[in-house]
Every structure is written in C-alpha cells, then in structure tokens.
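Colleague: Can you keep this structure in mind? I'll have questions shortly.
The values are calculated or read from the model by the stated rules, or taken from the named source; none is laboratory data. Remember, it's a predicted structure, so these values are computed and weren't measured experimentally. Here the Cβ positions follow ideal geometry from the backbone for every residue, glycine too, while neighbour counts run over all protein chains shown. The accessibility values were calculated without ligands, DNA or RNA, using every heavy atom of the protein model including side chains. Shrake-Rupley method; radii C 1.70, N 1.55, O 1.52, S 1.80 Å.
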Amino acid sequence: MTQLTALILATLSTSTLASNTQWELHTDPQLNGVLEPSAAQVQKLTITRHANQFNAVDSASPDTAVIQGELEHPNTFELGSGVVQRIQFSIAKAGSRIYFLGHGSEQQGYQGTWYGPNNDAGDFRLDTKSADVSVPINCAQILSENPEALSGIYTIDPDGAGAHEQFEAYCDMETDEGGWTLIGTYSKSEPGGKQYISEYAPQPDTTPTNPATGLYQGSMGSFRDIKEQVACDFASCRNAYQTAMSEAELEMVRYTWGYLDQQEKQKNTPLPDCRATYQATGTTFTHCLINIDRNNTNVVGWQRDIHAGNHSCWLAHGVYRPTSLGSSRCSYLAQANGTRWGLLWAR
C-alpha cells in the first residue's frame, strides 16, 4: 500500500451521508501527466454534494472520510467556453496534507495532479461515469450542461443536502445570456409588501407572468448573479443587475424584499450596488438607490428609482400606502394599483 493510499484510508470520521453518488479515485505514484493503469490505486467513493462543496467516503469503509473539497461553480461557465470545471480537494492526517488539483466535468470525469508531504507527487483521475443522476443546483447548471435547454420549469436543489428541499423553478434560458432561476415572485394582487422575508411562501411561483407571491428561503451559495425585475407586464419590465456577488450580498438583495429585514440586515452587509442594464459597462448605482433618502421602510425591494424618468420604480409599497396592490408602475408618480408584479432572478 502506498503512502498516498494509507493517508486516504485513514482520515477523519463523517456523519451519515445524504446521497449515494458513486465515483472512483485513481492515483499513481509518478508525476508525468499520464495516469499509469498498471501502477494506479483505485478506490470506490460515495460522494455527498452540497452546492459545489463535496465530501466522500471509501465505499468499503463508510466510517472513514476520504475527501473534502469543492468544484468550480457550474454557473461560472461563460457561454461558448464549454463545460470544463476546476476541482480541488485535500486530505489531512497527522499533520500531513495531500493536495489534489485538476479539471474536467461531471459527465467525463476529472483529472489532474496530487502533491504529497514528502516531495512525492503523481497523477489522478476521478471517474464519475458511474455517478447517479443528481438534481441540478440551478438553471445555470442546466444550461451549461445542455446549451439547447429551453425556458421552462425544471427541478433544482440549490442547497443540495441542506434544509431546503428540491423544488420546481422556472428557468429563463434566453434573456441576458440565459441560465436565470426565478427565486422570487410578487403578485399584482399582493397588498403593501412584507416586513420580513420569512412572511413569504417558501417557494416562488413557477411562472414569470402574473405570478403568485413566494420567495426561495434556502442557501444562496450556488448563485453569483442577481436580477430584480419590477413592474413586469406583457410589454416590458424594469431591471436591476449585479454579477459576481458574494453569498452575503445575494442574501442582502433578498432581504430587501422585507422592509424591516432590509433595515436590520444593513448593519452587517451594505445594500449591494446595481446596474440598470445587463452590460457590465452600464452606470453603477451605489446601494441601488438614486439617492440615500430612498433607503427607508416606505417601499420594498432592492432598486429605488434608478431608471431615468421613472420615479416610482420599486418592488412594492411598505409602510407608505400599505393597501396599494402589486408592484409600483415605474412611471412618474404612478403608484401600485394591482396591474403589475415583481420578480427576482438569480444565476
């Protein structure tokens, strides 16, 4: 048994697994860019995924943890760039650590290099061909794996084995390069807005047209881009965008859908900046406000009048005119009147 295999087999304990995806780890003791089958050690692994994080145990010794690592987010794929992901993981035992770094895809497997604690190194392959079919984490993953995917309803599970169950979500695979998951819907017949996001139904509606009210409440760790649409009808919408966001920033945007949440949560995370256009070169609005006096409980939503010539552009009313229905109409002094709705998309 090689030092590498001994270290792999003798690592930390883990809790009961939430999935039974089967992969195989092949390693050899010579670093030359080619896995040598005759010298390779093979382990059958049971993989548990949580968004892009994963851990694994040796299927023959399920009480022994083998791998803890992460995959590059599927929604970091840019259109036209293919579906290659980077993968990294490490194994620690008795003060020593083995590092693995590679690339590939969940469909074809991953390959790369491992480095040991005593200047030893070699090649590895993580074979995923026997992997069980898993629920995608978001619409961006679906589009990255199938560029021909159409807009519609798909089953996703953004927090993996987390507390939030998988659910059916509407995916926009066409607008703004596609891959957008509908995570928030605000009905045109909903009065006054919500104080806290926990007051929403825990799932958004599965239609972007005249939806019922709901808001995804699980982890935002599988997303990185956000788009808020207000005053949507069959003709047009007003949008606010931001990309490459942290999980805390994404959560803060979601917290703006509760007018007391948005004030309380700003103590830890400022309101994120936004753009009024999808293009990265578009004008950036600090905290997504046209001016600081819009940061109040009168209205609900992230964007506040960032669109020129539209002075009532936000998701919904808060303490001001609490009986007004639906999303504000996004035109000069036009209040919410039950003819518009709001949407929140993430990618």
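Colleague: Among 21, 5, which is surrounded by 14 or more Cβ atoms within 10 Å (Cβ to Cβ), at pLDDT below 75 and under 22 Å from residue 104 (Cβ atoms)?
Modeller: Sole residue among the options that is surrounded by 14 or more Cβ atoms within 10 Å (Cβ to Cβ), at pLDDT below 75 and under 22 Å from residue 104 (Cβ atoms): 5.
Colleague: Any residue in the stretch 242-258 that's closer than 20 Å to residue 279 by Cβ: show its pairings with residues that are open to solvent by 50 Å² or more (accessible area, probe 1.4 Å) and β-branched (Val, Ile, Thr) at Cβ separation under 9 Å, as long as the two are six or more apart or on different chains.
Modeller: Matching pairs, first to second residue: 242/284.
Colleague: Looking at this structure, is residue 189 under 29 Å from residue 336 (Cα atoms), polar (S, T, N, Q) and not in a strand (DSSP E or B)?
Modeller: Considered against the rule, which asks whether it is under 29 Å from residue 336 (Cα atoms), polar (S, T, N, Q) and not in a strand (DSSP E or B), residue 189 comes out as yes.
Residue by residue, here is whether (1) among the acidic types (Asp, Glu); (2) farther than 22 Å from residue 239 by Cβ; (3) open to solvent by 30 Å² or more (accessible area, probe 1.4 Å); (4) at pLDDT 95 or above holds:
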position	(1), (2), (3), (4)
129	no, yes, yes, no
138	no, no, no, yes
145	yes, yes, yes, no
151	no, no, yes, yes
165	yes, yes, yes, no
170	no, no, yes, yes
175	no, no, yes, yes
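Colleague: Next question, about the same structure. Among the residues of the stretch 216-238 satisfying the criterion of being open to solvent by 30 Å² or more (accessible area, probe 1.4 Å) and in contact (Cβ under 8 Å) with a residue 12 or more places away in the chain, which is nearest to residue 339 (Cα to Cα)?
Modeller: Residues of the stretch 216-238 that are open to solvent by 30 Å² or more (accessible area, probe 1.4 Å), as a first pass: 217, 219, 224, 233-238.
Retained after the next criterion (residues that are in contact (Cβ under 8 Å) with a residue 12 or more places away in the chain): 217, 219, 224, 233-234, 237-238.
Details: 217: 26, 219: 31, 224: 31, 233: 8, 234: 11, 237: 13, 238: 15 Å.
Once the filter is applied, the top-ranked residue is 233.
Colleague: A follow-up question, please. Taking the options 277, 286, 269, name whichever one is among the polar types (S, T, N, Q), surrounded by fewer than 24 Cβ atoms within 10 Å (Cβ to Cβ), without any contact (Cβ under 8 Å) to a residue 60 or more places away in the chain and within 19 Å of residue 184 (Cβ to Cβ).
Modeller: Values: 277 fails: within 19 Å of residue 184 (Cβ to Cβ); 286 fails: within 19 Å of residue 184 (Cβ to Cβ).
Sole residue among the options that is among the polar types (S, T, N, Q), surrounded by fewer than 24 Cβ atoms within 10 Å (Cβ to Cβ), without any contact (Cβ under 8 Å) to a residue 60 or more places away in the chain and within 19 Å of residue 184 (Cβ to Cβ): 269.
Colleague: In the stretch 270-289, is there at least one residue being over 15 Å from the mean Cα position of the chain (by Cα) and within 24 Å of residue 203 (Cα to Cα)? First the steps, then the outcome.
Modeller: Initially, the stretch 270-289 is screened for residues over 15 Å from the mean Cα position of the chain (by Cα), giving 270-289.
Okay, now just the ones that are also within 24 Å of residue 203 (Cα to Cα), so 271-272.
Looking for residues that are over 15 Å from the mean Cα position of the chain (by Cα) and within 24 Å of residue 203 (Cα to Cα), one finds at least one in the stretch 270-289, hence yes.
Colleague: Can you tell me which residue is modelled with the lowest pLDDT among those in the stretch 59-97 that are out of contact with any Asp or Glu (no Cβ under 9 Å at 6 or more places or on another chain), among the aliphatic types (A, V, I, L, M) and in a strand (DSSP E or B)?
Modeller: Going through the qualifying residues, I end up with 92.
Colleague: Of 200, 196, which residue is buried (at least 20 other Cβ atoms within 10 Å of the Cβ) and modelled with pLDDT of 95 or more?
Modeller: So the residue among 200, 196 that is buried (at least 20 other Cβ atoms within 10 Å of the Cβ) and modelled with pLDDT of 95 or more is 200.
Colleague: In the set 297, 206, which member is touching a helix residue (DSSP H, G or I) at 6+ places or on another chain (Cβ under 6 Å), modelled with pLDDT of 95 or more, surrounded by fewer than 20 Cβ atoms within 10 Å (Cβ to Cβ) and not in a helix (DSSP H, G or I)? Before you say what the answer is, go through the steps one by one.
Modeller: Values: 206 fails: touching a helix residue (DSSP H, G or I) at 6+ places or on another chain (Cβ under 6 Å).
The match here is 297.
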